[in-house]
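Read through the structure below, which is laid out as structure tokens, and then see the notes.
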Amino acid sequence: MTNATKIAFLSAALAAFMLPAAAQTSGGTVPSTTPAPNPTTIQQRKENQQDRIANGIGSGQLTAGEAANLEKKESNLNQEEKLMRSEDNGHLTSADRGVLNQQQNQLSNQIYKDKHNAAVQNTDPRSEVGQRQRNQQERIAQGIQSGQMTAGEAARAERNQAAVNKEIRTDRAANGGHLTQAERQQINRQQNHNSKQIYKEKHNGRHQ
């Protein structure tokens, strides 16, 4: 092989080697073999929000009242999604998804604020009444996370718990921080009713 031939061969090889780099530096792109991640679906976002609410209830970061308010908003979003699908043969348009995602963003921000404010639920109660409150919250949180309770069912359960919590605070304030025997019996009756309702909602066949 002559020197001229060698030079020509080496020049061609060098040019081929430099092509990818030249394409990148000149603004071109090299096709990637890694598939792009799929965007989060509406259903995945709903499940994620429910998990965050359940975790907040379980950790005590969300009070019953806060959880009831969040689940009511989630339930309203679910109803809105159903209406949108009914108008488009079971499908969501791009505009529908944009609206739902925007509302889920707002709800996500609210969940964060409620979980990081000063209001908390007692996670280590000493009294029998407090232990029942805690037990009910744990059952609701489990129902939400497992999908056994819909957002609407969870909202009702938490409203019931918030009402009991308020009654306990009122009774204690009227009696120097204590509950009378009659008040404890009344609260237990209400918690028995709430307990049965939680069980029914977790076993009625409706799922989130």
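In whole angstrom, how long is each semi-axis of the equivalent ellipsoid of segment 129-197, when you take the square root of 5 times every eigenvalue of its Cα gyration tensor and sort them from largest down?
Details: eigenvalues 128, 22, 19 Å².
Ellipsoid semi-axes (Å, largest first): 25, 10, 10.
Each residue of segment 126-133 in order: what ³J(HN,Hα) in whole Hz does its phi give by Karplus 6.51 cos²θ - 1.76 cosθ + 1.60, θ = phi - 60°, with x for Gly and Pro?
9, 7, 5, 4, x, 5, 5, 4
Which residue, chosen from LEU92, ASN78, ALA173, occupies the Cα position most advanced towards the positive end of the dipole of segment 42-202, where the dipole is computed from +1 (Lys, Arg) and -1 (Asp, Glu) charges on Cβ about the Cα centre?
The Cα lying farthest towards the positive end belongs to ALA173.
Under a plain spin-label model, where a point goes 7 Å from the Cα along Cα-to-Cβ, how far apart in nm are GLN44 and TYR199?
Output for this residue pair reads 3.9 nm.
Only Lys, Arg, Asp and Glu count, each charged at its Cβ (+1, +1, -1, -1), so figure out the dipole size of segment 42-202 about its Cα centre, rounded to 20 debye.
Values: 24 positive and 20 negative charges, 87 e Å.
With Lys and Arg at +1 and Asp and Glu at -1, about 420 debye.
May I ask for the net charge around SER108, where only other residues with Cβ less than 15 Å from the Cβ of SER108 are counted and Lys, Arg are +1 while Asp, Glu are -1? Please report the intermediate quantities before stating the final value.
Details: positive: ARG45, LYS46, ARG52, LYS73, LYS113, LYS115; negative: GLU47, ASP51, GLU66, GLU71, GLU74, ASP114.
With Lys, Arg at +1 and Asp, Glu at -1, the net is 0.
Choose one of SER127, SER108, MET149: the residue whose Cα lies farthest towards the positive end of the charge dipole of segment 42-202 (beta-carbon charges +1 Lys, Arg; -1 Asp, Glu; about the Cα centre).
Going by the Cα projections, it comes out as SER127.
Which lysines have a Cα lying under 27 Å from the Cα of LYS113, excluding residues fewer than 8 positions away in the same chain?
Straight-distance partners of LYS113: LYS46, LYS72, LYS73, LYS166.
Just so you know, all these numbers are worked out from the coordinates, no wet-lab data involved. Since we're looking at a predicted model, the values are computed, not measured. Heads up, the Cβs are rebuilt from the backbone with ideal geometry, glycines too, and the neighbour counts pull from every protein chain shown.
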